[in-house]
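Encoded as C-alpha cells, the structure appears first; notes follow it.
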Amino acid sequence: MNYVVINGSPRKKNTWKMVKQAELNLKGNFEEIQLIKERIPLCNGCFKCIMEGEDECPHFDKIKPIMDKIRAADGIIIASPVYAMNVTALLKNFFDHTAYLYHRPEFFTKKALVVVSTAGAGQKDVAKYIDETLRHWGINKVYKITYACGGKDSIDEDNINKISKKFASDVESGKLHSPKFGDVLFYNVWRAMALSKDPIEADRKYWTETDLVNHDFAPEVKLNIVKKSFSKIMFFIFKKVMK
Ligand SMILES: Cc1cc2nc3c(=O)[nH]c(=O)nc-3n(C[C@H](O)[C@H](O)[C@H](O)COP(=O)(O)O)c2cc1C
C-alpha cells in the first residue's frame, strides 16, 4: 500500500510521535511531506483555482507535487497540533490551496487518517474540521486519532494502535464505504451547479469530462436504493433552484 503523510506541525515532536506510532501498524511505502519545508506562499485569494482551474493557481508548482502524491496514495495521513483552537496555519494554508476540491471532489477511492495532538483542548473539534475538509475532497472514509499531551512526553499507544490497525485493514481491503447523506447532498450541489445556465467553467469541464455529471455519486462507490433515490431527488431540486 502507498501512504502519504502530510505533517502540519512545524516540528517533528508530539504529533509526529503519534504519526510514527500509527505507521508501525501500516504496511507499505510512506511519502512524508513536512509542510514547513514546502514553503507554500499564503493563498492570495485570487480565486483562480476555483474559477479557472487549479493549474492556474500562482502556487501550482508547489501544490501539484503534493496533489500528485495524494493521487498516487491509497491512504492519506494528515497530522496537526491544535494551534489557537484550530489547525496550524501551515495546514490551513495548504487546505486553502485545495479549496477548489469542494467544487470538484476527486478522491472518492481514498481513505484517510487524521492525527491531532494538543496540550489540553480543541483536539476533537480540530479533528472534526479536518474530517469535514477531507470529505469535501471526496475522501471515502476518515479515521481520527486525537490526544491531549498536557505537557507530558507520552502518547496513548493503545488507542493509536487500535485506530491505525482499523485504518490499515480498511485501506488493504480496498472496499469502499457508503457515503453519508451529507456527502451525497454536497455532491449534488456541485453537480447541479456545473450544469447550471451560467456555470463556473472549470466546474463544468470537470463534471462533464469525468462524466460524474451523469452519476448519482462517484461510480466506484455503491449507493443503496435509499441513497440513490435521495441523490436523484437532491439533483432534481438543485437543478431547478440553480436554473
Ligand atoms: C502557537 C501555539 C498554539 C497552541 N494552541 C493551543 C490551544 O489552543 N490549545 C491547546 O490545548 N494547546 C495549544 N498548543 C499546544 C500544542 O497543541 C501541543 O503542544 C501540541 O502537542 C504540539 O504538537 P507538536 O509537538 O507536534 O508541535 C499550542 C501550541 C502552540 C505552539
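Calculated mean residue ellipticity, 222 nm, the chain: -14500 deg cm²/dmol, from DSSP H runs (n ≥ 4) at -39500 (n - 2.57) each, averaged per residue and rounded to 500. Spacing of the modelled spin labels on Lys124 and Thr109, each 7 Å from Cα toward Cβ, amounts to 3.6 nm.
Placing unit charges on C-beta atoms (Lys and Arg positive, Asp and Glu negative, everything else neutral), compute the dipole magnitude of the chain about its Cα centre in debye, rounded to 20. Write out the running numbers ahead of the final one.
Numbers: 39 positive and 30 negative charges, 122 e Å.
Using only the charged Cβ atoms, the result is roughly 580 debye.
What fraction of the Cα pairs in the stretch 42-119, stated in percent, has a spacing above 16 angstrom? So the pairs more than 16 Å apart make up 56 percent of the total in the stretch 42-119. Taking a sphere under 13 Å around the Cβ of His97 and counting the other residues whose Cβ falls inside, with K and R at +1 and D and E at -1, yields a net charge of -1.
Count the lysine pairs in the stretch 192-243 that are 8 or more places apart or on different chains: how many have C-alpha atoms under 23 angstrom apart? Summing the qualifying lysine pairs gives 18.
Using the average count of surrounding beta-carbon atoms within 10 Å as a protection proxy, the listed peptides 182-189, 213-220 rank, highest first, as 182-189, 213-220. Whole-Hz Karplus values for the stretch 234-243 come out as 4, 4, 4, 5, 5, 5, 5, 5, 9, 4 Hz, taken residue by residue from phi with 6.51 cos²θ - 1.76 cosθ + 1.60 and θ = phi - 60°; glycine and proline positions read x. Look at the alpha carbon pairs under 8 Å that are at least 6 residues apart: their mean separation over the length of the chain gives a relative contact order of 20 percent. Spread over its residues, the convex hull of the C-alpha atoms of the stretch 93-211 is 121 Å³ per residue.
Between Lys222 and Asp153, residue separation times 0.36 nm minus the direct Cα-Cα distance comes to 20.5 nm.
Rounded to the nearest 20 debye, the dipole size of the stretch 181-241 about its Cα centre is 320 debye, using +1 on the Cβ of Lys and Arg and -1 on the Cβ of Asp and Glu.
Gyration tensor over the Cα atoms of the chain: the corresponding equivalent ellipsoid has semi-axes (square roots of 5 times the eigenvalues, largest first) of 32, 21, 16 Å.
The HN-Hα couplings worked out from phi for the stretch 151-164 by the Karplus form 6.51 cos²θ - 1.76 cosθ + 1.60 (θ = phi - 60°) are x, 7, 9, 7, 10, 8, 4, 4, 5, 4, 4, 4, 6, 5 Hz, whole numbers, x standing for Gly and Pro.
We did not get these values from a lab; they are worked out from the coordinates using the rules stated. Given the structure is predicted, the values throughout are model-derived calculations rather than measurements. Virtual Cβ from ideal backbone geometry, glycine too; neighbours counted across all protein chains shown.
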